[in-house]
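The values are calculated or read from the model by the stated rules, or taken from the named source; none is laboratory data. On a predicted model such as this, the values are computed, not experimentally measured, just so you know. With ideal geometry, Cβ positions are generated from the backbone for all residues, glycine too; neighbour counts draw on all protein chains shown. Heavy atoms of the whole protein, side chains included, go into the accessibility calculation; ligands, DNA and RNA do not. Shrake-Rupley method; radii C 1.70, N 1.55, O 1.52, S 1.80 Å.
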Amino acid sequence: IKFLLNEVQYQALTEQLEQYMNPDPYCVGGKDYGIYNIYYDTPDDYLIRTSLAKPYYKEKIRLRIYMSPAKPEDLVFLEIKKKIGGIVNKRRITLTLKEAEAYLQRGIHPVDNGKYVRRLVLEELDHFCDRYAPLVPKQYISYQRAAFFGKDDPNFRLTFDRQLTQRRTNLNLSSGDFGSLLIPENSHLMEVKIGGAMPIWLAQQLAALRIYKISFSKYGTAYRLYCTAEQQTKEKRNVSYV
């Protein structure tokens, strides 16, 4: 469940978290951490166009790392993300950036390390890549994340993303982090990740701070911005011809 917070709402809510939640181990010293992604899609953007239609079932594939810029031997995560009736599931394996790009862009299969779970995820990735071939890099998205886990329920997770950055060029993880913002600079995208009901204390805080649920997809928002820019460019060209 997603919410968009301004800076005042964010500060007020996070002041209450210490009582109920623990920070993610990666939030060293209370600081957030970077997440850098390349989304792959078909040449005609089939996956994101299908996703924006809000079907009961949708899926996407992305390459993720937690540092920037990335080097060929750095470890990355190749992920399939599926949403079925509002429930999100993810599968991922660890590869070097060099292996992942060779697999996605040239079909070179990574070496089997003998682990059963890894083999299963690779089989799922193979089916995905075959079903949507050819897949090409389409979208870069990065953000800084602060994450928290429930003290009583470790499966209850809150994440806050800021500095959401996107670009449609230089689509690799080696070029560094740059692009245009998806949300205002002082805004925070909060996601509530839980299998059951939302805790009462959180529902009360959201109501008191007037924080309301939104529908928001990082890749989807970036794609809409791209389509709008393309349409504006076409209209300018048409005017110039006249």
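Here are a few things to note about the model shown:
- Coupling constants for segment 169-184 follow from the phi torsions by the Karplus curve (6.51 cos²θ - 1.76 cosθ + 1.60, θ = phi - 60°), and in residue order they are 10, 6, 7, 8, 8, 8, 8, x, 9, 7, x, 9, 7, 8, 10, x Hz; glycine and proline get x.
- Averaged per residue, segment 74-191 has 50 square angstrom of accessible surface, using a 1.4 angstrom probe with ligands and nucleic acids left out.
- Carbon and sulfur %, accessible surface of segment 86-164 computed with the full protein complex present, 1.4 Å: 51 percent
- Only Cα pairs under 8 Å and 6+ residues apart enter the sum, and on that basis the relative contact order of the chain stands at 26 percent.
- Kirkwood radius for segment 1-125, taken over all pairs of different Cα atoms as the inverse mean of 1/r, rounds to 17.4 Å.
- Projecting the Cα atoms of 97, 85, 163 onto the dipole axis of the chain, where Lys and Arg carry +1 and Asp and Glu carry -1 at the beta carbon, places 85 farthest toward the positive end.
- Ellipticity at 222 nm from helices only: DSSP H runs of n ≥ 4 in the chain, each -39500 (n - 2.57), divided by the residue count, give -10500 deg cm²/dmol.
- Estimated distance in nm for a label pair at residue 54 and residue 88, the labels positioned 7 Å out from Cα along Cα-to-Cβ: 1.7 nm
- Residue-normalised convex hull volume from the C-alpha trace of segment 68-114: 106 Å³ per residue.
- Measuring gaps between exposed loop sites in the chain (GluC sites (Glu not before Pro); DSSP loop; at most 16 other Cβ atoms within 10 Å), the longest gap, sites not included, is 74-184.
- Residues whose amide H lies under 5 Å from that of residue 24, counting only those 5 or more places away or on a different chain, are 147, 148, 149; hydrogens are built 1.01 Å from N in the peptide plane.
- In this label model, residue 198 and residue 153 are separated by 1.2 nm, measuring between points 7 Å along each Cα→Cβ vector.
- ³J(HN,Hα), Karplus 6.51/-1.76/1.60, whole Hz, each residue of segment 143-148, x for Gly, Pro: 6, 9, 10, 10, 10, 9
- For segment 161-209, the Kirkwood estimate of hydrodynamic radius, built from reciprocal distances between every pair of different alpha carbons, is 13.9 Å.
- Modelled spin-label separation between residue 234 and residue 33, with each label point placed 7 Å from Cα along the Cα-to-Cβ direction: 4.2 nm.
- Cleavage-rule hits (trypsin sites (Lys or Arg not before Pro)) in segment 1-97: DSSP loop, at most 14 neighbouring Cβ within 10 angstrom: 31
- Projecting the alpha carbon convex hull of segment 114-242 along each direction and taking the average yields 13.7 nm².
- Options (i) 23.1, 85; (ii) 19.3, 66; (iii) 20.2, 62 - which one matches Rg and Dmax of the Cα atoms in Å as calculated here: (ii)
- Extension gain, residue 178-residue 215: 0.36 nm per intervening residue step, less the Cα-Cα distance, totals 10.8 nm.
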